[in-house]
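Q: A single structure is presented below for examination.
The values are calculated or read from the model by the stated rules, or taken from the named source; none is laboratory data. Only a predicted model underlies this, so the values are computations on that prediction, with no experimental measurement involved. Cβ placement follows ideal geometry from the backbone for every residue including glycine, while neighbour counts extend to all protein chains displayed. Side chains included, ligands, DNA and RNA excluded: accessible areas come from the protein's heavy atoms. Shrake-Rupley method; radii C 1.70, N 1.55, O 1.52, S 1.80 Å.
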Amino acid sequence: MAGSGGAARGRFAVVGGGIAGVTCAEQLAAEFPSEDIFLMTASPLIKAVTNFKQVSKTLEEFDVEEQPSSLLEKRYPNIRVIQSGVKQLKSDEHKIYTEDGKEYIYEKLCLCAGAKPKLIVEGNPYVLGIRDTDSAQAFQKNLAQAERIVVVGNGGIALELVYEIQGCEVIWAIKDKAIGNTFFDAGAAEFLLPKLTAESRETPIECKRTKYTLEGSEEKGRPTGASVKLGSALGPDWHEGLYLKGTKEFSHKVHIEILCEVKKIHLQQEFIQLQQTSLTFPKGEKNVEADEVLWPVYVELTNGKIYGCNFIVSATGVVPNVEPFLDGNNFAVGEDGGLQVDKHMHTSLPDVYAAGDICTAAWEPSPVWHQMRLWTQARQMGWYAAKCMAADALGESIDMDFSFELFAHITKFFNYKVVVLGKYNAQGLGSDHELMLRCTKGHEYVKVVMQNGRMMGAVLIGETDLEETFENLILNQMDLSAYGEDLLNPDIDIEDYFD
């Protein structure tokens, strides 16, 4: 093993113990059973894909399980987990230096270090970033004493969070006109809203994801903000088993402030000096009352309103975690801050690949695929990056994986099954498209995006059973103009047309 100056050598190295990194390492280990695969991870727990189901050509469902890395080494004896963060990458020397002072020499390297929460402000003890299981636990501790919180952000995590919180006033600030804009449009938001305001809850379906916790990690409690930097992303069931209940005894109090962002955050003293008025929780449309209560922290919104609260949840997306790798390496970086990769997951540096949240797809995408930092794409990219590394190492050629033909994601919101396909929000189609809708209140919501008679995308909420048919229609780009509105007519079994 030892090489120059005691550096360990391995043919393949992977950085990151999340879904992309673990999937990549497993695939490499399976293809090269006699080679050591280094997997470097800052955390003793890794994220493994379990219960994988291929639902259709492009749709897949799986659970994500936190596991001790020893389980991964049991499954693949040639994976060597190095439990240490990366301090520096010297790509010209094909060398990695880890925080614990060791050196590793690789032939091919895949960077899968994920992303970190994009905080609205850094270093404020009243601002919690949520993107992973660690931060969800810290959040739960704080919520136990909370009477009012402000949630900022409009993605999947904010949506689920607001839905799950009970017994606490929630002011939800979103920059869009409608909730959940990452996944839906205003119509879908309207369909889901009654669920948000409903007083009673059906019991949530049991979650089958097992959770591993580190021995003793709960009791010690880690200093707040210690683990803010990293951690793996949350999946669709992250809130299951968390007791999200504030101090007040009513169930749902959510007030949405639309088309606004956070202008400034004031601590209590600063707020008193401002001599401004903050508002109570709105009771009706016209109600604007001054708040008599003194809160630990105040949020000033760009619409001029100020609300006091116990703390602020920043659920405003993620920034690719590229810090440790940029120094001294000339990576091409995308507009979103990720390492640019070509259609073989290759970065701009020789023998360095990247996959998952850290990377930015810089190839010319299929007209109905786009990158989104989701677990499904992390798994696909990790798997495909390993295939590309193997092909390059063996001097073979490889075709782009089919999963990049069509954007397809399946998840759950408010206990509804949600499937999004293709350009489901007409992403990048300009005004040259039309929407068709079918909606049964409380039951299902179906939206298709059409352009020149061809289906470009769809949102399916509820048990619609249309995903395979629509997947085929988007993939084969058949001209559907002849069907007109009948395309969504529930009395016509659309599948009979297109088998």
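Q: Restricting attention to the range 370-392, which residues are among the hydrophobic types (A, V, I, L, M, F, W, C) and modelled with pLDDT of 95 or more?
A: A378, M381, W383, A385, A386, C388, M389, A390, A391 - these are the residues of the range 370-392 that are among the hydrophobic types (A, V, I, L, M, F, W, C) and modelled with pLDDT of 95 or more.
Q: Okay, next question. For the range 344-373, enumerate the residues that are assigned to a loop (DSSP other than H, G, I, E, B) and more than 20 Å from A13 (Cα to Cα).
A: A362, W363, E364, P365, S366, P367, W369, H370, Q371, M372, R373 - these are the residues of the range 344-373 that are assigned to a loop (DSSP other than H, G, I, E, B) and more than 20 Å from A13 (Cα to Cα).
Q: Of all residues in the range 28-59, which are part of a strand (DSSP E or B) and either crowded, with 18+ Cβ neighbours inside 10 Å or in the same structural domain as L473 (by the TED database) (or both)? Full working, then the answer.
A: Taking the range 28-59 first, the residues part of a strand (DSSP E or B) are 37-41, 45-54.
The answer is I37, F38, L39, M40, T41, L45, I46, K47, A48, V49.
Yes or no, residue by residue, for (1) within 23 Å of E396 (Cα to Cα); (2) among the hydroxyl-bearing types (S, T, Y); (3) at pLDDT 95 or above:
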position	(1), (2), (3)
S314	no, yes, no
V318	no, no, no
D327	no, no, no
H346	yes, no, yes
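Q: Is one or more of the residues making up the range 411-419 more than 18 Å from the chain's Cα centre (by Cα), of a type in the set (K, R) and modelled with pLDDT of 90 or more?
A: No: zero hits.
Q: Failed condition for I171, given (1) within 24 Å of W295 (Cα to Cα); (2) modelled with pLDDT under 75; (3) among the β-branched types (V, I, T), with all others met?
A: Among (1) within 24 Å of W295 (Cα to Cα); (2) modelled with pLDDT under 75; (3) among the β-branched types (V, I, T), I171 violates only (2).
Q: Moving to a separate point now. Is it true that some residue in the range 475-484 is touching a Leu at 6+ places or on another chain (Cβ under 8 Å), in contact (Cβ under 8 Å) with a residue 12 or more places away in the chain and open to solvent by 10 Å² or more (accessible area, probe 1.4 Å)?
A: yes
Q: Residues being out of contact with any Gly (no Cβ under 8 Å at 6 or more places or on another chain) and part of a loop (DSSP other than H, G, I, E, B): count how many of those fall in the range 401-426.
A: Of the residues in that region, 4 qualify.
Q: Here's something else I'd like to know. Taking the stated definitions as given, is V297 out of contact with any helix residue (DSSP H, G or I) (no Cβ under 6 Å at 6 or more places or on another chain) and loosely packed, with under 12 Cβ neighbours inside 10 Å?
A: For V297, the condition - out of contact with any helix residue (DSSP H, G or I) (no Cβ under 6 Å at 6 or more places or on another chain) and loosely packed, with under 12 Cβ neighbours inside 10 Å - is not met.
Q: Next question. If a residue must be part of a loop (DSSP other than H, G, I, E, B), buried (at least 20 other Cβ atoms within 10 Å of the Cβ) and not small (G, A, S), how many such residues does the range 77-124 contain?
A: Residues in the range 77-124 being part of a loop (DSSP other than H, G, I, E, B), buried (at least 20 other Cβ atoms within 10 Å of the Cβ) and not small (G, A, S): 2 in total.
Q: Does I398 satisfy the criteria of being assigned to a loop (DSSP other than H, G, I, E, B), in contact (Cβ under 8 Å) with a residue 24 or more places away in the chain and under 30 Å from V14 (Cα atoms)? Walk me through how you get there before you give the answer.
A: Numbers: assigned to a loop (DSSP other than H, G, I, E, B): yes; in contact (Cβ under 8 Å) with a residue 24 or more places away in the chain: yes; under 30 Å from V14 (Cα atoms): yes.
The answer is yes for I398.
Q: When the range 418-474 is examined, which residues are found to be open to solvent by 30 Å² or more (accessible area, probe 1.4 Å) and either of a type in the set (G, A, S) or in the same structural domain as L192 (by the TED database) (or both)?
A: Answer for the range 418-474, where residues must be open to solvent by 30 Å² or more (accessible area, probe 1.4 Å) and either of a type in the set (G, A, S) or in the same structural domain as L192 (by the TED database) (or both): G428, G430, S431, G442.
Q: Separate question: Kindly indicate whether any position in the range 466-474 is closer than 29 Å to D342 by Cα and either at pLDDT below 90 or not in a helix (DSSP H, G or I) (or both).
A: no
Q: Considering only the range 314-337, state which residues are touching a residue at least 24 places away in the same chain (Cβ under 8 Å) and assigned to a loop (DSSP other than H, G, I, E, B).
A: Of everything in the range 314-337, those that are touching a residue at least 24 places away in the same chain (Cβ under 8 Å) and assigned to a loop (DSSP other than H, G, I, E, B) turn out to be A315, T316, G317, N321, V322, D327, G328, N329, A332, G334, E335, D336.
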